[in-house]
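Every number in this text was worked out from the coordinates using simple rules, so none of it is lab data. Nothing here was measured: the structure is a model prediction, and the numbers come from that model. Please note: Cβ atoms are built from the backbone with ideal geometry, for glycine as well, and neighbour counts cover all protein chains shown.
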Amino acid sequence: MDLLQYLTVKNIDFLSKREDVIPYIRDASYFTGELPIAVVLPKNENEISEILTKCYEENIKVVARGGGTSLTGSSISLKGSVVISMLRLNRILEFSGGDRYVHVQAGVRIDDLNSYLQSKGFLYPPDPASSLASTVGGTISTNAGGLRGTYYGSTKEWILGLGIVLADGRIIRTGGKILKRSAGYDLTSLFVGAEGTLGIIFDAYLKIVPRIENFTRIMVFFRKAEDMGKAIYQIKERGLNPLSAEFTDKISMNIISRISGIPVPDGSEVLLIIDIPILSGNEYEKFIQIIKNSNPTGIKSLNAEESEVVYKARKGLYSSLLNEREREGEYIIIGDVVVPSSEVPEALNETRDLIEKFGLKISLFGHIGDGNIHANVFTNINSNEEMKKAEKFLEEFGDIALRHNGSVSAEHGIGFEKKELLIREFIYKKSIVNMEIMKSIKKILDPKNILNPGKVFDL
Amino acid sequence: MNESLDIYVSRCINCGFCDAVCPTLEAADFRGYFGARGRVNLAKELIKNDIGEEEVLDSFNSCLHCNACLYVCPAGISAGEISEKLKLRSSKKDPLAKFIAENIMKYKDPLNIGKGSTLWSKGLKFNEQSEYLFYTARMYQLMPYNSAVAKMREKLGEGLLKKFSPTFSKLGFKGSLLKIFLEREKVEEFNNILLNIYKVLAESGVELRYLGEEEPYSGAMLLEFGFEKEFTSYANWLVNFFKSKNIKKIVTIDPHTYTLLKYQIKDYVNFPFEVIFYLDLVNKKANFSGTVTIHQACHLERYGEKYRKYYDILSDVRIINPIHFNERTFCCGGPDEVLFPNLTNKISEKRFIELKSTEADYIITMCPICYINLKKDEKVIDISQFIAKF
């Protein structure tokens, strides 16, 4: 019995016509996948288990797909593969404010989850820019970050337990609704950031927190990125925690100014947007004092309306940059590195020099509170020459992060795009054995290499 | 769209934000073909001639044109607009859509309801000299007939209805043929809404002119179903018709006709008339001590402007917002009623639950299509009924 006959017999919904599978060949990266043999739309973990059991038997590749928002190609379809769309698993199963968890299926979108939690006064902190479309399962699989990462950390901090279907169809559960656990290897963590190469996450227990409603948003302008970097470091050094701390270069700063109507003070090259939580009463003064001593060209405290406009402008910066594209075929390829806060000033200086050296149109912004810098490279993806240049830039951008004790991937994962960079990171850290360990784990959990093969690394 | 379709489509970065807000995706049990991102991806293939028109017709036809995708798209493109352009370009047409288009061209009415369009106005006073033309475009009147078609579909089945559509066209279809399936109470309900619209305008001191049986349909469905040539011809006829009646100001009473005449028609014909939405002429404020929630029409929120005059009228009333409101308002599913009734049912059910969960005393609508799709209990009320009552 072939796969499609099997799915029919098992009464599992699938799509196999060309027009039906085309919508699944792309994600938000610049890669285009190959036509899969089928897209399966399971309703529960038992159906996923039945699909994987058959695919394992028949050596058929399987690509799990949530919101299809990967920027590195993690979720694009592969030739001869089966795509498992997780969107029908979109129920919030259980909520407990007292126990501080929410139990959700993998296909719940992040914004939908937070709309639900908001009505109960709680928050699930990870907030990638794609939160409107990205799903719980997808963001766990890429260990997504976001604007709130500086205060709350990235997705891995918020996963208490997972339901997973393994490559051969077995169903396992890791962790659970408890906030701490010391019982052997931490298998939950193993699947965070695995990009669907070790198993398929079908549900998750997520840690939640009460919402912090009381905060002040300020905009601080600087002449030098170095001054901004130092300000952030000093804020954190003195025990203060911004709810978020976002920086932009001049291109993006001017976009935010244009959208919000807030003028840019003369001589400003860099913008910092900080959310200061008002917890015990005098945080604001402490923050402001440090900032005032950091050579700003201007400080603007925002009222509620301005605050909303600036937040939307920042969250929509990528969109705004897309509208700055001038040529057919032009895309924005995003570099995504992270360095420790203390290294941010020097890393930014070196990045500025690198941009000059390459002469590419690039805009920088990022979650500077946790040292995450995004380089948005305007590239014509139809031009081999431009693509090579962009790739070379991203390689050297990654090297800057490595020289400053950082990483080549902060929150977008590896996918297809960063496989070489990942090797580079392990070599730089004189720990290439990490790659061997990863491959060994993969071989144990997916001996036939059917789960999202060719993503993260090549076996 | 100020550029060629292929360049417009190529700006898509495939982020999937449009899918997250597309009502038809979830209603189609997440079959990507019926989602906004799917439509854009299929458009990419169609433009390259890598897929046939026949295969993608349902994908584009099922788009509600609610523009929810445009509001969230980082690249500023609309899957709705892409669907519309490709429908216009396509030579393949759904038989039922073809039947309706032929009726519009022949009778100036999608279902040729004849006198059924004027029953509401019996005994009312109009002023032939008034500068304001009260233009119903037969929209409220058509709703009970649309329901009758849906009932007929239930009885005949989808395939049979489509099979008979060309015969209906050939024989000359009359709305009165739908009598068996027509619900009297529904006809009265919609006539009553029209009466209330008339009343609130009269109470605001607005005298109206009405064309009675001569009043033609707007032609909106020609565009929705992709009949561009026919729409251009119809729009020209409409302009000449209004000119022949010496019309200057057109008071529209439903969002679809309002945005069609105010914005969309201008891509096809010079439309030299002032187009007004009737709430602009209402000078009354509602006085109600309870709570309401508002189902904002997509056409008033995301087509050309954010039309929100109703907030002034309801400024003394406590409004509870549903999850999706203002620019993020969620479509009632109505535009799919003719060709994809199952999608419409699921979408309207979802929206009704959202509105109902606000626990407001009333759910206010301001569009006949939204009203008929969301009228699932007594709380649902057209804004004209609410203003007249309170």
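Structure summary
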{"read-out": "Distance between modelled label sites at A:Glu356 and B:Ser4, nm, 7 Å Cα→Cβ extension", "value": "4.1 nm"}
{"read-out": "Reach of B:Lys87 by Cα under 20 Å, taken over lysines that are not fewer than 8 positions away in the same chain", "value": "B:Lys44, B:Lys48, B:Lys98, B:Lys162, B:Lys229, B:Lys266"}
{"read-out": "Listed pairs A:Lys17/A:Lys79; B:Lys262/B:Lys350; B:Lys350/B:Lys379 exceeding 23 Å between Cα atoms", "value": "B:Lys262/B:Lys350"}
{"read-out": "Antiparallel bridge percentage (DSSP; both residues within the protein assembly as shown; nearest 5)", "value": "70 percent"}
{"read-out": "Net charge over other residues, Cβ less than 14 angstrom from the Cβ of A:Ser154 (K, R count +1; D, E count -1)", "value": "-2"}
{"read-out": "Cross-link reach list, lysines versus A:Lys312, counting only Cα pairs under 23 Å and skipping chain neighbours closer than eight places", "value": "A:Lys250, A:Lys300, B:Lys306"}
{"read-out": "Relative contact order of chain A, pairs being alpha-carbon contacts under 8 Å that are 6 or more residues apart, as %", "value": "16 percent"}
{"read-out": "For B:Ala388, net neighbour charge (Lys/Arg +1, Asp/Glu -1) across residues whose Cβ lies under 12 Å away", "value": "+1"}
{"read-out": "With at most 12 neighbouring Cβ atoms within 10 Å, loop GluC sites (Glu not before Pro) (DSSP) excluded, longest segment of chain B", "value": "B:184-358"}
{"read-out": "Pairwise centroid distance, computed over Cα atoms, of the stretch B:277-315 with the stretch A:340-358, Å", "value": "52 Å"}
{"read-out": "Contact order relative to length of the stretch A:92-210, as percent, for alpha carbon pairs under 8 angstrom and 6 or more apart", "value": "33 percent"}
{"read-out": "Within straight-line cross-link reach of A:Lys315, aspartates and glutamates at Cα separation under 12 Å, skipping those fewer than 8 residues along the same chain", "value": "A:Asp127, A:Glu246"}
{"read-out": "The stretch A:215-319, relative contact order [Cα under 8 Å, separation at least 6], %", "value": "46 percent"}
{"read-out": "Dipole of the protein assembly as shown, positive end: most advanced residue of A:Gln105, A:Gly66, B:Ser289 [Cβ charges, Cα centre]", "value": "B:Ser289"}
{"read-out": "Simple label model, 7 Å out from Cα along Cβ direction - A:Glu420 to A:Tyr185, nm", "value": "3.2 nm"}
{"read-out": "Interchain or long-range residues, amide H under 5 Å from A:Ile373's placed H", "value": "A:Val337, A:Val338, A:Val339"}
{"read-out": "Cα lying deepest toward the dipole's positive end in the protein assembly as shown, options B:Pro255, A:Ser77, A:Gly359, charges on Cβ", "value": "B:Pro255"}
{"read-out": "Local electrostatic count at A:Lys419 - Lys and Arg +1, Asp and Glu -1, tallied over other residues with Cβ under 13 Å", "value": "-3"}
